[in-house]
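Heads up, the thing below is written out as structure tokens.
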């Protein structure tokens, strides 16, 4: 059994997608970030950076005691290696997937997170000129990253060839960006990719879990 310490954010969805794709048994352990539950000592014991998701694997492959892992990219790699799925075993295929996984972890996620923050929140202590600069900076960087992905997806269904943990990491951020109004019309390959990922039954099942109490509805 996998305990998934989770809230329905883009990073949280990465892990539920993997678990739904593989059918690994898991239990959702809500961490309400709006109530600062990520700062509780019991959560910090498994996720010292006070960020979710985090997992506890009660049946690790080494046969030892429960194993806790934090950071969504590390969790995806761990689960892929545990199941032998969605991360190629050959050196070149593995490195291709990992490159795009870390592209999301180090680039797409942080940049879209900052873009959404500055676009949606009026920041105290920042004048209009400063806020406009911040929005412009992150919107432009988001557009650049969409272009990078669009070129890579031209002529193929998934970012690293076959469906992989890289797609599970990338998709939730694109889904959220489109939900909040980003225009993907200039990026036809990315738009088709979002639709293709959205149609996967496991993706739909993962997002359906997020529509059940105690998670926010709507």
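The values are calculated or read from the model by the stated rules, or taken from the named source; none is laboratory data. Worth saying up front: this structure is predicted, and the values here are computed from it rather than measured. Neighbour counts run over all protein chains shown; Cβ positions are idealised from the backbone, glycine included.
Inspect all residues belonging to region 85-94 and state whether any of them is surrounded by fewer than 14 Cβ atoms within 10 Å (Cβ to Cβ), in a helix (DSSP H, G or I) and modelled with pLDDT of 95 or more. So far as region 85-94 goes, yes, one or more of its residues are surrounded by fewer than 14 Cβ atoms within 10 Å (Cβ to Cβ), in a helix (DSSP H, G or I) and modelled with pLDDT of 95 or more. Of everything in region 107-162, what is surrounded by 13 or more Cβ atoms within 10 Å (Cβ to Cβ) and on the phi > 0 side of the Ramachandran plot? Give them in sequence order. 161 - this is the single residue of region 107-162 that is surrounded by 13 or more Cβ atoms within 10 Å (Cβ to Cβ) and on the phi > 0 side of the Ramachandran plot.
May I ask you to verify whether residue 81 is part of a helix (DSSP H, G or I), surrounded by fewer than 19 Cβ atoms within 10 Å (Cβ to Cβ) and outside the structural domain of residue 140 (by TED's automatic domain parsing)? Yes: the conditions hold for residue 81. Answer yes or no: is there a residue in region 54-76 that is in contact with a helix residue (DSSP H, G or I) (Cβ under 6 Å, 6 or more places away or on another chain), in contact (Cβ under 8 Å) with a residue 60 or more places away in the chain, surrounded by fewer than 21 Cβ atoms within 10 Å (Cβ to Cβ) and under 22 Å from residue 94 (Cβ atoms). Yes, some residue in region 54-76 is in contact with a helix residue (DSSP H, G or I) (Cβ under 6 Å, 6 or more places away or on another chain), in contact (Cβ under 8 Å) with a residue 60 or more places away in the chain, surrounded by fewer than 21 Cβ atoms within 10 Å (Cβ to Cβ) and under 22 Å from residue 94 (Cβ atoms). Taking region 110-218 as the region of interest, the helices (runs of 4 or more DSSP H) fully inside it that hold 2 or more residues being touching a helix residue (DSSP H, G or I) at 6+ places or on another chain (Cβ under 8 Å), free of Cβ contacts under 8 Å to residues at least 60 places away in the same chain and farther than 17 Å from residue 10 by Cα are 128-153, 188-198. Of the candidates 18, 43, the single residue that is in a helix (DSSP H, G or I) and within 26 Å of residue 201 (Cα to Cα) is 18.
Among residues of region 29-41 that are within 22 Å of residue 1 (Cα to Cα), those with a Cβ under 9 angstrom from a residue that is loosely packed, with under 11 Cβ neighbours inside 10 Å, sequence gap 6+ or separate chain, pair up as 30/214; 32/214.
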